[in-house]
Every structure is written in structure tokens, then in C-alpha cells.
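K.L.:
Below: one structure in C-alpha cells.
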Amino acid sequence: MLSKLLKNDLKKNMRWLWIIFVTTIAIALLDRGCKELANNIAFFKIISIILDSVFYSLAVNTVLQPFLRNTFNFTKSFYSDESYLTHTLPVTKKQLINSKYITALIEVVTGFAVLVSSILIMYASPSMFDTLQLLLSTVISGNLSIYLILALMAIQILVEFLMFLSIIYFAIVIAYREKEQRVLKTFLITFAMASIALTILSIVMVIIMLINGIDLASDTLILSPQAFLSIIFTGISVYSIVTVVFYFLTKKMFTKGVNVD
């Protein structure tokens, strides 16, 4: 039954998200083509400037829309008029939660993949990576691969998004147990939980930096490859742990009962 729930949740969101994803890739391809032709034909330079604006708007939405739509559908499915149908389905509450989390994971990961792919289509070139390598060399010493650095940073941002979504799900479940000021309570709980998570991350990061012999009082902070990897893997680990913790807390609180009035 979980597979049917998952199929329904994905169908509900992806029929709109696919439009954004495909359009973003298409605009990126078209814009890259216009940029290549703009060196010889002024008309394509004007078109490229217009396409740039469209692309940036779409690129932001490839990540933002999966985040917002999953948050909206979580609330709609469990706490709106639609929830009466949801809660009468022959499934357990754990399956309902699992479906929402898996759907969010698939859609957010897909959104990030589209964002990264479209940016590479637009700007990828040997000179771009050389420039990035030069910029990062002012912060990270050694010969750490630029591709590894960018991949790890992208993974950390992705996991951070998933952590915030997990916290929001938890906040919704807690706030909607009451009848009054649900939206405000959701915001306050999300803010409080996110602040605690980020504070823990900051403390852990400082400890890791001190262990790696980094002088936090220095005006110029340059990381060794080992220090950078320690910091980035710590960030990914902390975000992942917080995500999993709030997943289990959300599931535990949700299975205690839902107030749909």
C-alpha cells in the first residue's frame, strides 16, 4: 500500500514540477546557444539577456517549489478537508508519514539535480572551473579537486534543505494538535528547532576546527584539505542526524493521533 501512496503523492506534485524542471533545462540549452551566437550576432545577445532573467527565476524554483509544495501537501493531506479521506485509507499512520518523506526526498533531490545540470549547461567551461579553483585556493590550500569540493558543498546544501523540511513537518504535527493559531505555532516551533539544530552544528564545527589546529582569531582563514573535508563531512553528518531524529519524532507524534477539526 505504501507504493500506492507514494505513487499518488508523486503524481500530485510532479505533474507541475516536471513542467518547471523540463522548462529550466530547455531555457538553459537555448540560452547557452544564444550566448555562443552572441559573439557574432547582436540580436542573440539581447535574447540571451532576456533568457538569463527567465532562467534565474526558474532555477530558484527548481529547488524552492519542491520544498513549498511538499510542505503545503503535507498540511493539506493531513489537516484540511482532504484529510478525512486520507485518514480513512486502509494504511497505517507510519505509512502515511513514510510516503510524505520519500516523496519529499525524491522531489528535492530531483530539483537539485536539475538546478546543478542547468547551471552546468549554462556556464560549464574549462575557464569557469579554473576560475573557481583559483578562488577556492584562497580558502583551501593543497590540491583538492575542484569537482570534489563542489560536489560535497552541493550535498551539504541538499541535506540542509532536507533537514529544514523535516523540522517543518515536525512543527506542523505539533502545532496542528491544537485548534488555534496553528500557522503561527508552526513558524515558532520551526524557528526554535532550527535555531537549536544550527547552534549544535556551530558548536560542533568550532570543535572540529580547533581539533584541526585552525586559528579562529586569524584574519586570514586558510583550510588544509584535511580540515576542509573534516568540516564538510561533519556538516553533512550533523544535518543528516538531525533530519533522521526529526523524522522519527514526527512519526511518533503523528501516530499518537491527529486533530483535523
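A short reminder: the numbers here are calculations on the coordinates, not readings from a lab. Please read all numbers here as calculations on a predicted model, not as lab measurements. All Cβ positions, glycine included, derive from the backbone under ideal geometry; neighbour counts span all protein chains shown.
K.L.:
Can you work out D for the chain in µm² s⁻¹ from Stokes-Einstein, where Rh is the Kirkwood radius over C-alpha pairs, the temperature is 4 °C and the viscosity is 1.567 mPa s?
P.N.:
Numbers: Rh = 21.0 Å.
The diffusion coefficient I find is 62 µm²/s.
K.L.:
Under the classification rounded if a/c is under 1.5, otherwise prolate if a/b is larger than b/c and oblate if not, where does the range 65-105 fall, given a ≥ b ≥ c as square roots of the Cα gyration tensor eigenvalues?
P.N.:
Details: a/c = 3.43, a/b = 1.33, b/c = 2.58.
Cα axes put the range 65-105 in the oblate bin.
K.L.:
Let me ask something else about it. Mind checking the angle between helix 93-123 and the chain's longest principal axis? C-alpha axes, 0 to 90 degrees, to the nearest 10.
P.N.:
20 degrees
K.L.:
Show which aspartates and glutamates lie in cross-link reach of LYS45 when reach means a straight Cα distance below 12 angstrom and same-chain residues fewer than eight apart are skipped.
P.N.:
Counting by Cα, and skipping residues close in sequence, LYS45 has these aspartates and glutamates nearby: ASP31, GLU36.
K.L.:
Mean separation of Cα pairs under 8 Å and 6+ residues apart, divided by the residue count of the range 8-138: what relative contact order is that in percent? Walk me through the intermediate numbers first.
P.N.:
Details: 88 pairs, mean separation 46.1, N = 131.
Relative CO of the range 8-138 lands at 35 percent.
K.L.:
With viscosity set to 0.692 mPa s at 37 °C, what whole-number translational diffusion coefficient in µm²/s follows for the range 142-261 from Stokes-Einstein and a Kirkwood radius over Cα pairs? Please report the intermediate quantities before stating the final value.
P.N.:
On the way: Rh = 16.3 Å.
This corresponds to a translational diffusion coefficient of 202 µm²/s.
K.L.:
Using Cα pairs closer than 8 Å and at least 6 residues apart in sequence, work out the relative contact order for the range 65-204, in percent. Don't skip to the end; give the middle numbers.
P.N.:
Details: 54 pairs, mean separation 33.7, N = 140.
Dividing the mean separation by the residue count of the range 65-204 yields 24 percent.
K.L.:
If you don't mind, there's one more thing I want to ask. Would you please classify the overall shape of the range 79-174 from the alpha carbon gyration tensor, given that a ≥ b ≥ c denote the square roots of the eigenvalues, rounded means a/c under 1.5, and beyond that prolate means a/b larger than b/c while oblate covers the rest?
P.N.:
Values: a/c = 4.14, a/b = 2.82, b/c = 1.47.
Prolate is the answer for the range 79-174, as a/c is 1.5 or above and a/b outweighs b/c.
K.L.:
Relative contact order for the range 55-112 using alpha-carbon pairs under 8 Å, separation at least 6, rounded to a whole percent? Please report the intermediate quantities before stating the final value.
P.N.:
Values: 22 pairs, mean separation 30.0, N = 58.
Relative contact order of the range 55-112: 52 percent.
K.L.:
Here's another thing I want to ask about it. Suppose we take every Cα in the range 168-231 and form the convex hull; what volume per residue is that in Å³?
P.N.:
Numbers: hull volume 6.5 nm³, N = 64.
Cα convex hull per residue, to the nearest whole number: 101 Å³.
K.L.:
Using amide H atoms built in the peptide plane, which far-off residues or other-chain residues are under 5 Å from LEU144 H to H?
P.N.:
Under 5 Å from the amide H of LEU144: no residue qualifies.
K.L.:
For LYS94, which lysines qualify as cross-link partners when the Cα separation must be under 26 Å and same-chain residues fewer than eight apart are set aside?
P.N.:
Within reach: LYS4, LYS7, LYS11, LYS12, LYS76, LYS179, LYS185, LYS251, LYS252, LYS256.
K.L.:
Amide H to amide H, which residues 5 or more places from LEU223 or on other chains are under 5 Å from it, using H placed in the peptide plane?
P.N.:
Under 5 Å from the amide H of LEU223: ILE140, SER141.
K.L.:
Take ALA194 and VAL245, extend 7 Å from each Cα along the Cα→Cβ direction, and tell me the distance between the two endpoints in nm.
P.N.:
My value for the distance between the label points is 1.7 nm.
K.L.:
Calculate how steeply helix 182-211 sits against the longest principal axis of the alpha-carbon atoms of the chain, using the helix alpha-carbon long axis, and give the answer as 0 to 90 degrees to the nearest 10.
P.N.:
Tilt relative to the chain: about 50 degrees.
K.L.:
Got a sec to turn the phi values of the range 156-172 into Karplus ³J(HN,Hα) couplings, 6.51 cos²θ - 1.76 cosθ + 1.60 with θ = phi - 60°, whole Hz, x for Gly and Pro?
P.N.:
In residue order, the calculated couplings are 5, 5, 4, 5, 5, 4, 5, 5, 5, 5, 5, 5, 5, 4, 4, 4, 4 Hz.
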